Amino acid sequence: MSRWEPNAHERLQQAAMELFQERGYDRTTVEEIAARAGLTERTFFRYFADKREVLFSGSKDLEKLIVDTITGAPQTTAPLDAVATALEATAPMFEERRARSRTRQALIAAHAELRERELIKLSSLASAIAESLRGRGVARPAASLIAETGIAIFKSAFERWLEDPQEHDLSHHVRGALEELRLVTAATGAASSARPQTKATQRSRRSSP
């Protein structure tokens, strides 16, 4: 009969992060993580498939929150705005975790296998976002484009949140990244419209039916 261990998930995460910093990610074993947490390896594998998953264990909860928020948005909400609102809704998940998130990102940046795992997780999140947008009637190509744009906004906002000396919350940086995207695309569109036509373009337009 299995024994219930209080706060096992959090204890294992804390132990793993401590050991990753002390010994390095590559030299840390599951056995050492479990021992530091005062638990068994069997208990570790109840919560995590391997030591990499310690760094990505919240991805399913994050995905569910984002998808549920998009699905529940008013039907009149523009698709990109629905995605941005969903990204803002994730801010409470990261409250009080800025220091740990910085350590986590440094570990991911330093190890190719972790960078690959992060890309897989982000790709899965983009697919889930696109599927939820299609459920709202957005055409498949547009849904995929908006989902990938949302991931780009989230990545930019998350990086700024980690580095923010004023420690604004994540939603602040999501709004900032979205506004910056809109300003850039608006400026690009205006510049394109104002660009002088070449003689070849003018001849082409005159010859068009």
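Among the residues making up segment 21-48, those that are assigned to a loop (DSSP other than H, G, I, E, B) and farther than 22 Å from Met93 by Cα are Gly24, Tyr25, Asp26, Arg27, Thr28, Thr29, Gly38, Leu39, Thr40. Scan segment 80-96 for residues that are over 15 Å from the mean Cα position of the chain (by Cα) and free of Cβ contacts under 8 Å to residues at least 12 places away in the same chain and jot them down. Within segment 80-96, Asp81, Glu96 meet the criteria.
Using the structure shown, decide if Ala73 is exposed (fewer than 15 other Cβ atoms within 10 Å of the Cβ) and either in contact with a helix residue (DSSP H, G or I) (Cβ under 9 Å, 6 or more places away or on another chain) or in the same structural domain as Ala157 (by TED's automatic domain parsing) (or both). When the stated conditions are applied, Ala73 does not pass them.
Does segment 80-102 contain at least one residue that is over 25 Å from Pro165 (Cα atoms), surrounded by 13 or more Cβ atoms within 10 Å (Cβ to Cβ) and among the hydroxyl-bearing types (Ser, Thr, Tyr)? For segment 80-102, residues over 25 Å from Pro165 (Cα atoms), surrounded by 13 or more Cβ atoms within 10 Å (Cβ to Cβ) and among the hydroxyl-bearing types (Ser, Thr, Tyr): absent. Looking only at segment 21-29, decide whether some residue is surrounded by 13 or more Cβ atoms within 10 Å (Cβ to Cβ) and touching a residue at least 60 places away in the same chain (Cβ under 8 Å). Yes. Does segment 3-20 contain any residue that is of a type in the set (Asp, Glu), within 25 Å of Ser124 (Cα to Cα), within 19 Å of the chain's Cα centre (by Cα) and in a helix (DSSP H, G or I)? Scanning segment 3-20 turns up no residue that is of a type in the set (Asp, Glu), within 25 Å of Ser124 (Cα to Cα), within 19 Å of the chain's Cα centre (by Cα) and in a helix (DSSP H, G or I). Would you confirm, using the coordinates I've provided, whether Phe48 is within 20 Å of Ser124 (Cα to Cα) and among the aromatic types (Phe, Trp, Tyr)? Yes; evaluated as a whole, the condition is true for this residue.
The values are calculated or read from the model by the stated rules, or taken from the named source; none is laboratory data. None of the values given here were measured: they were computed from a predicted structure. As a convention, Cβ positions derive from the backbone with ideal geometry for all residues, glycine included, and neighbour counts pool all protein chains shown.
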